[in-house]
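In what follows, a single structure is set out as structure tokens and then discussed.
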Amino acid sequence: MNKTINSPQCRDCICEFNRLEEARFWARIMQEHALFIKLGLPAEEHELREEAEDFILIFKELRARLDRVSRLEGDLLRDLIEAVKEFIEFKAKLLRILIQCKAPPGSNYPLLLDHIRREAMHFLELLKMPVPKDPLSTLLREEVFWIRQMKEHIEFMIHLLDPSERELLEVLQETKKTFSRLLETARDLESMDETRPRHFNTVIRFTENVISNTMALRDLKATAFELAKLCELLSIVSTPLLLDHIRREADKFLDEMQLLLPEVIRCNSTLKEDNFNDFMKKCF
Ligand SMILES: [Fe+2]
Ligand SMILES: [Fe+2]
């Protein structure tokens with residue numbers, strides 16, 4: 001029998017993210033954002049560089065605490081929420097400075113600051129643990145968030161590579177077109193989902209396409225990271241870690257899709273889970 005969104009089993013089939021694992025993932029991301037900001041600030045901006053350095057230390061310490069616990073609660077959770085809120089404000093302050101031309105820009109793009117500010121807000125939302133929605137709307141919300149981030153990663157790579165890296169730039173331009181289209185479609189599907197259809201099989205087909213394209217992008221980022229480490233890539237990337245960072249974010253997106261898609265197939269489609277299993281076997 002096909003389970004619908006109204007069946008008790010499906011109301012409970014929300015994929016519970018493991019909050020501790022999530023916090024460990026995102027705290028590392030936050031620490032690295034602070035490093036990227038610091039490396040991108042002009043040398044004479046001593047105070048801002050110090051502030052960035054403080055955030056590196058704050059998140060380093062929080063990560064050590066996260067490694068020692070088996071549950072995310074109490075003081076640690078409160079400290080984490082506080083640190084993320086302050087970091088969001090720091091990123092917003094830097095972005096305002098650039099928007100208002102109040103300081104020399106260094107090499108932190110305004111869109112990069114907005115991008116990492118959005119990632120911090122995403123983390124904060126997760127820490128505050130909003131009431132989970134049904135799998136379909138959760139999947140679409142995550143897709144809209146992550147596809148936008150993936151598209152911007154490509155844009156940053158394009159702007160950080162040396163103009164002589166023509167072949168790689170061409171591949172990235174094509175990939176950017178694909179992700180722009182995917183983003184537009186994800187937003188359309190999320191809007192259509194507001195009508196609360198009982199099943200929405202097109203989302204499954206779309207998500208499988210998103211997974212395939214994200215895997216290719218993930219591999220491209222991994223290759224770029226390896227090349228940068230071996231000093232075989234001409235770019236103004238401040239540290240190869242940035243390429244590994246965006247590769248990890250692609251893997252995080254894939255992990256979430258791998259977790260959510262079977263739930264959506266089960267609860268919000270007329271398809272059989274076997275279809276998905278076959279697809280996953282082909283992919284992973
Ligand atoms: Fe990031
Ligand atoms: Fe990112």
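The values are calculated or read from the model by the stated rules, or taken from the named source; none is laboratory data. The shown structure was predicted, so the numbers you read here are calculated from the model rather than taken from an experiment. Ideal geometry is used to build each Cβ from the backbone, glycine not excepted, and the neighbour counts take in all protein chains shown.
Residue-by-condition table, conditions (1) surrounded by fewer than 16 Cβ atoms within 10 Å (Cβ to Cβ); (2) away from ligand 2 (no atom under 16 Å from the Cβ):
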position: 57; (1), (2): yes, yes
position: 62; (1), (2): no, yes
position: 71; (1), (2): yes, yes
position: 77; (1), (2): no, yes
position: 84; (1), (2): no, no
position: 87; (1), (2): no, no
position: 98; (1), (2): no, yes
position: 101; (1), (2): yes, yes
position: 111; (1), (2): yes, no
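When segment 250-264 is filtered for residues that are out of contact with any Asp or Glu (no Cβ under 8 Å at 6 or more places or on another chain) and either more than 16 Å from residue 139 (Cα to Cα) or within 16 Å of ligand 1 (Cβ to nearest atom) (or both), the ones remaining, listed by number, are 250, 251, 252, 254, 255. Among the residues of segment 157-188, the one identified as over 30 Å from residue 264 (Cβ atoms) and within 16 Å of the chain's Cα centre (by Cα) is 157. Per the listing 136, 160, 140, 183, the residue uniquely among the aliphatic types (A, V, I, L, M), in the same structural domain as residue 211 (by TED's automatic domain parsing) and more than 25 Å from residue 255 (Cα to Cα) is 160. Among the listed residues 145, 123, which satisfies the condition of being modelled with pLDDT of 95 or more and in the same structural domain as residue 181 (by TED's automatic domain parsing)? Testing whether each residue is modelled with pLDDT of 95 or more and in the same structural domain as residue 181 (by TED's automatic domain parsing) leaves just 145. Within segment 180-191, can one find any residue that is within 16 Å of ligand 1 (Cβ to nearest atom) and assigned to a helix (DSSP H, G or I)? No, segment 180-191 has no match at all.
Would you tally the residues in segment 218-249 being of a type in the set (A, V, I, L, M), closer than 17 Å to residue 172 by Cβ and within 16 Å of ligand 2 (Cβ to nearest atom)? Number satisfying all stated conditions: 7.
Restricting attention to segment 168-186, the residues that are closer than 14 Å to residue 146 by Cβ and not polar (S, T, N, Q) total 4. Only one entry in 23, 43 is hydrophobic (A, V, I, L, M, F, W, C), out of contact with any strand residue (DSSP E or B) (no Cβ under 8 Å at 6 or more places or on another chain) and in a helix (DSSP H, G or I), namely 23.
Picking from residues in segment 109-153 that are within 24 Å of residue 72 (Cα to Cα) and part of a loop (DSSP other than H, G, I, E, B), the one that is farthest from ligand 1 (Cβ to nearest atom) is 134. Within this structure, residue 237 passes the test of being within 14 Å of residue 36 (Cβ to Cβ) and either crowded, with 19+ Cβ neighbours inside 10 Å or of a type outside the set (A, V, I, L, M, F, W, C) (or both).
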